[in-house]
Amino acid sequence: MKKWREHTYSFILLVVVLVLWEAIAFNIKMTFILPSPTDILMKLWELKKVLLLEHLPATLCIILIGLGISIILGVGLAISMNSSKIIEKAFYPLIIFSQMIPTIALAPIFILWFGYSIWSKVLVTVLITFFPITINTYDGLRAGSNDLKELLLTMGAKKKDVFLLVNVPSAMPHFFSGLKVAVTLSVIGAAIGEWLGAQAGLGYFSRRMMTQFDGAGVFAPIIVLSAMGIMLFLLVKWVENKTLMWRKSE
Amino acid sequence: MLMIKTVLHFDSVSFRYPKQEKGPLIYDSMKFTVREGEFVSILGPSGAGKSTLFRLITGLEQPTGGKILLNGEYFSNRLGHVGYMPQQDLLMPWRTIWENAALPLQIKGSKQADMRISVEELLKEFGLGGHEDRYPAELSGGMRQRVSFLRTILTGSQVLLLDEPFSALDAITRLSMQEWLLKQWEKRKKTILFITHDVNEALFLSERIFVLTDPPVSRMEDIPVPLDRPRTLKALDIPEIMVLKDRLIDQLRTKATT
C-alpha cells in the first residue's frame, strides 16, 4: 500500500495532463494533428491484433538480439580492458568517442550495408546500448577492494581466483545499472532503426501512419513501445533483485 | 630433551618499499624469533611500520635483504602459508556468513558439501550458530570479527597474524572479544602475532611484547610479560605490571612526539 501512496502525486499530475490534453484536442478538432487520449485508446483497441501479433514481435526481436550482442560485446570489452593496460589504453578513448557520433545520422549507412533486413536495426540498437554496459561493467570490475584482493592472495589465491571471487561479484551491481540504462535505450534504438527502413515493427508502423495523416495511429504503437520498455526494465530489475539478494540486508 | 620449535624467524631482514628505491630503510638487518604456541604482541605508535611487518611475513612484500623462515624453512613465495586477519573484517557483503568463513577452503579447492559441514560445526562453536545463511550486514561488529577470525583459522596455518582486529569495536565488546580470543588460542594451540597500539591489550593477551621504534628498525625491544595463565583483567593492577605499563606508555609517547 505504501508503495502506491508514494506515487499519488505523480498519478494526479498525469490525470491533470491527460484531461487538459483531451480538452485541447476536443476544441481544436483536428484529430490527424492532435488526437485526444481517448482517440488513441480507441485506435489502440482497433489495431490491437496487428500491433501485438505482427509489429510487437518484430521490434522485440530487434531489441533482444541487439541487447544480447551488446551484453556479450560490452562485458567482453570490459573484461579485456580490465585485464590488459594496452587494451584499455587502445579502446577506452575510442569507446567514449563512439558516443560522440550522432548514431541517427549514421543509421542510413547501415541500411546501405544490410538493406532492410533485421541487422541494420540491430546494429543501431547495439551502437547505442553497448556503451552503458561496457563502461559500467568496466568501472565495476575495478571497484573491487584492494585490501580484499590482498587478503585472498595471503590465502594462496591465484589471479584467476581473485578475479572470480572479488572482481566479478563487485561488478555485478554496476553491470545491472548499465543494463537498466541499456534496456531503456534499446527501445529508442529499435524504433529509430525501423523509421529508416523496415517491413514490420512498431517504429515502422508509427511512421507509416504519419504518412497517412493518422495522428492516433502514430501514437498507438508508441504506447505499445513504451509499455514494452517498462516491462523490459521491470524484468531486469526483477532479475537484479534475485541475483543481488544480499543488497537487501544493507 | 624438550625442543620448542621455531615457527617464525627473521634472519637479518632489511626492507624498503620497492617503489622508493632510494627511500629510507624501514627495517635494517632486523632479527627476531617466534616459537610455536606463543602469543606475541607488536606494540608501536601508528606509522612505525607495524603493518609492513605483516606484509613481509605473509609474502605480500619481499625483503630487500635477509631471509624470513617459516617453521625453519625458507620459502621464496610465502603466500598461502600464514593466516592473516586484517583490521577491518573484510567480509564479502555478497556472501553469506558460512560462505565467507569457507573462503580459504574454497581457494584450496574443497568441495561445497564438505565445506558446509565443517564450517557449520565451527560457527556453532564460535557462538554463531543459526547465522550461517545471513549476510555480514545483518551481524554486529563483534560477530563479524569472530567470522573473520574463523576464516583466518580455516586457512589451516599454524601462524596467525592479527592486525589490530578489535580496534574498531566499542570498549565492552572489545574486552569480551579479548577474553574469547585467549580461549580460542589456548584451545587451538596456534601461534599468534598480534598488532596493537593499546598497552593494556598487549599486556593482557601476550607472553612477549615487541616494541617497534621509529624506522629504520634493527632491533625490536623484546619484553616478556610476567603473568601466569589463565589471566584476569585484575592481574593488570599488580604493582609489577603497573610499572611495566608506565614504561611502555612512556616509550610510545616519546616516539609519538619526536
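Just so you know, all these numbers are worked out from the coordinates, no wet-lab data involved. Source: prediction; values computed, not measured. Virtual Cβ from ideal backbone geometry, glycine too; neighbours counted across all protein chains shown.
Close amide-amide hydrogen proximity is noted between B:R35 and B:V7, each under 5 Å apart and 5 or more residues distant or on a separate chain (H modeled in the peptide plane; Pro and chain starts excluded). Legend: mean number of C-beta atoms from other chains within 10 angstrom of residue C-beta atoms, peptide B:77-85, equals 3. What the phi angles of region A:101-111 give under the Karplus curve with 6.51, -1.76 and 1.60, with θ = phi - 60°, is a coupling list of 6, x, 4, 4, 5, 7, 4, x, 5, 5, 5 Hz, glycine and proline written as x. Where the centroid of each part is defined by its Cα atoms, how far is region B:7-27 from region A:175-232 in Å? Each part's Cα centre sits 65 Å from the other's.
Under the simplified labelling scheme, the A:I28-A:V239 pair shows an inter-label distance of 4.0 nm, with each label point 7 Å from Cα along Cα→Cβ. Residue by residue, region B:113-122 carries 3J(HN,Hα) couplings of 5, 4, 4, 3, 5, 5, 6, 4, 4, 5 Hz when phi is fed to the Karplus relation 6.51 cos²θ - 1.76 cosθ + 1.60 (θ = phi - 60°); x denotes Gly or Pro. Among the GluC sites (Glu not before Pro) in region B:1-44, those placed in a DSSP loop whose Cβ has at most 11 other Cβ atoms within 10 Å are B:E21. For chain B, the relative contact order comes to 26 percent (Cα pairs under 8 Å, sequence separation of at least 6).
Ordered by packing density, taken as the mean number of other Cβ atoms within 10 Å over each peptide's residues, highest first, how do A:72-78, B:114-120 rank?
A:72-78, B:114-120
Based on the convex hull around the alpha carbon atoms, chain B presents an average projected area of 15.6 nm². Among the trypsin sites (Lys or Arg not before Pro) found in region A:2-80, those both in a DSSP coil and sparsely packed, with 11 or fewer other Cβ atoms within 10 Å of their Cβ, are A:K29. Pick from B:M143, B:M220, B:M242: which residue has the top mean-square fluctuation in a GNM of chain B where Cα pairs under 10 Å get a spring? Answer for the Gaussian network model of chain B: B:M242. The GluC sites (Glu not before Pro) found in region B:201-258 include none that occupy coil by DSSP while having at most 11 further C-beta atoms within 10 Å.
First obtain the Kirkwood hydrodynamic radius of region A:107-193 from its Cα pairs, then insert it into the Stokes-Einstein equation at 20 °C and 1.002 mPa s, and state the resulting D in µm² per second as a whole number. Intermediate values should be presented prior to the final figure.
Numbers: Rh = 14.9 Å.
For these conditions, the coefficient is 144 µm²/s.
Comparing mean-square fluctuations of A:M100, A:M172, A:M81 from a GNM of chain A with C-alpha springs under 10 Å, the top value falls on A:M100.
Under a Gaussian network description of chain A, with springs only between Cα atoms under 10 Å, the residue in A:N136, A:N146, A:N82 that fluctuates furthest is A:N146. Using all pairs of distinct alpha-carbon atoms, the Kirkwood hydrodynamic radius of region B:196-245 works out to 11.8 angstrom. Shielding value for A:152-164 is 6, the average number of Cβ atoms from other chains within 10 Å of each residue's Cβ.
The mean count of C-beta atoms from other chains within 10 Å of the C-beta of residues in B:124-136, rounded to a whole number, is 1. Reachable lysines from B:K183, Cα under 20 Å, same-chain residues fewer than 8 places away excluded? Partners found: B:K124, B:K234. The gain in end-to-end length when the A:R208 to A:S226 segment is fully stretched comes to 4.7 nm, 0.36 nm per residue minus the alpha carbon separation. Residues in region B:6-14 carry Karplus couplings, in order, of 8, 9, 9, 9, 9, 9, 6, 8, 10 Hz; the curve used is 6.51 cos²θ - 1.76 cosθ + 1.60 with θ = phi - 60°, and Gly or Pro positions show x.
Kirkwood's formula applied to the C-alpha pairs of the protein assembly as shown gives a hydrodynamic radius of 28.0 angstrom.
Against the empirical curve 2.2 N^0.38 Å, the C-alpha radius of gyration of chain A lands at a ratio of 1.24.
Against chain B, whose longest principal axis is taken from its Cα atoms, helix B:239-257 shows a tilt of about 80°. When Rg and the Kirkwood radius Rh are both evaluated on Cα atoms of region B:137-258, their ratio Rg/Rh stands at 0.97.
Treating only the Cβ of Lys, Arg, Asp and Glu as charged (+1, +1, -1, -1), what charge dipole size does region A:179-245 show about its Cα centre? Round to the nearest 20 debye. Roughly 140 debye for region A:179-245.
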